[in-house]
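Student: Once you've had a glance at the structure underneath, I'll fire off some questions.
The values are calculated or read from the model by the stated rules, or taken from the named source; none is laboratory data. Since we're looking at a predicted model, the values are computed, not measured. Heads up, the Cβs are rebuilt from the backbone with ideal geometry, glycines too, and the neighbour counts pull from every protein chain shown. Surface areas here come from the heavy atoms of the whole protein model, side chains and all, with no ligands, DNA or RNA. Shrake-Rupley method; radii C 1.70, N 1.55, O 1.52, S 1.80 Å.
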Amino acid sequence: MSIVEHVVLFKVKDDTDQAKVDSMLNGLKSLASLDPVLHLTVGPVFRTRSPISNFTHMLHCRYKSKEGLNAYSAHPDHVRVVKENVLPVCDDVMAVDWVTDNVPVPLSPPPNSAIKVTFLKLKENVNEDVKSDILGVIKGVKEGAYGVQQITCGENFSPGRAKGFSIASIAVFAGVGEMAVAEGNEKVRDHLNGVIVVDYVMPSSSKL
């Protein structure tokens, strides 16, 4: 069994009125009701840990299949929200999609849990064996790190908006404290041309 992970990072323009930011977030939240969506959360980034990253907001969705993601992307409501609420207020948008090798439980991380999203850009000479080793290191994080409740990783299959980042992972922690303990693996760094790490906190139930 597997699912599709869909992560979008947004850089909202510095001078954007808060009401327009709220309209963007509310518009994106409304897409959770679309049939293909198994899980959707969107909100401000808690912290970025990468000098090349200045994203301000994150969307994370889960779908049963690539077909589900395609149906979501093509849905008129999605197209409208992106056109009317997202693009006018954003300087930059980045999206990465991958198929997991497991179904995370629960599909929607609990309120106040912390999510660490990591995107890796590999050097040009990296072969398939090294890719497999990198994915294996990421998958091993759950066994070696305190507080990891779920982890998924995979190769991006939508290169158009991924800025050359080809491997992605999501790790869900019980809270911010547990997430802070987890650090990157030095074995992977020699094969990379870039890393983006974004931390996000699931909204409390009162805000859903």
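Student: Does region 1-84 classify as rounded, prolate or oblate by the C-alpha gyration tensor (a ≥ b ≥ c root eigenvalues; a/c under 1.5 gives rounded; else a/b over b/c gives prolate, otherwise oblate)?
Tutor: It is oblate, given that a/c is not under 1.5 and a/b is not larger than b/c.
Student: Report, in degrees rounded to the nearest 10, the 0 to 90 angle that the Cα long axis of helix 128-139 makes with the longest principal axis of the chain.
Tutor: Around 70 degrees separate the two axes.
Student: Hey, which aspartates and glutamates would be in cross-link range of residue 121, C-alpha to C-alpha under 12 Å, not counting anything within fewer than 8 residues on its own chain?
Tutor: Counting by Cα, and skipping residues close in sequence, residue 121 has these aspartates and glutamates nearby: 155, 190.
Student: Next up: Compare the peptides 3-11, 194-202 by average per-residue count of other Cβ atoms within 10 angstrom and give them in order, highest first.
Tutor: 3-11, 194-202
Student: For each pair in 66/163; 20/139; 29/123; 66/116; 13/131; 13/116, compute the distance between the two Cα atoms and list the pairs where it is over 32 Å.
Tutor: The pairs that break the limit, which is 32 Å between Cα atoms, are 20/139; 29/123; 13/131.
Student: Does the chain classify as rounded, prolate or oblate by the C-alpha gyration tensor (a ≥ b ≥ c root eigenvalues; a/c under 1.5 gives rounded; else a/b over b/c gives prolate, otherwise oblate)?
Tutor: Numbers: a/c = 1.44, a/b = 1.39, b/c = 1.04.
It is rounded, given that a/c, with a ≥ b ≥ c, falls under 1.5.
Student: If you don't mind, there's one more thing I want to ask. Using a 1.4 Å probe over the heavy atoms of the protein chains, calculate the carbon and sulfur portion of the accessible area of the chain as a whole percent.
Tutor: Numbers: 5260 of 10280 Å².
So the carbon and sulfur contribution to the accessible surface is 51 percent.
Student: Using the heavy atoms of the protein chains alone and a 1.4 angstrom probe, what is the accessible area of region 1-59 per residue in square angstrom?
Tutor: I get 48 Å² per residue for this part.
Student: Quick one: putting +1 on the C-beta of Lys and Arg, -1 on the C-beta of Asp and Glu, what dipole do you get for the chain around its Cα centre, in Debye to the nearest 20?
Tutor: Computed about the Cα centre, the dipole is about 200 debye.
Student: Something else: What length, rounded to one decimal in nm, is gained on full extension from residue 103 through to residue 66, with 0.36 nm per residue of separation minus their alpha-carbon distance?
Tutor: That works out to 11.9 nm of additional length.
Student: Place the peptides 168-175, 12-19, 59-66, 71-78 in order of packing, highest mean first, counting for every residue the other Cβ atoms within 10 Å and averaging per peptide.
Tutor: Packing proxy ranking, top to bottom: 168-175, 59-66, 71-78, 12-19.
Student: To the nearest 500 deg cm²/dmol, what mean residue ellipticity at 222 nm is calculated for the chain from DSSP H runs of n ≥ 4 alone, each contributing -39,500 (n - 2.57), summed and divided by the residues?
Tutor: The per-residue figure over the chain is -7000 deg cm²/dmol.
Student: Pull out a ≥ b ≥ c, the square roots of the eigenvalues of the alpha-carbon gyration tensor of region 68-113, then state rounded if a/c is under 1.5, prolate if not and a/b is larger than b/c, and oblate in the remaining case. The partial results should precede the final answer.
Tutor: Details: a/c = 2.12, a/b = 1.67, b/c = 1.27.
In terms of gyration-tensor shape, prolate.
Student: Take the Cβ-Cβ distance between residue 38 and residue 132 as r, set R0 to 25 Å, and report the resulting FRET efficiency rounded to the nearest 0.05. Working shown, then result.
Tutor: Working: r = 27 Å, r/R0 = 1.09.
Once rounded, the FRET efficiency stands at 0.40.
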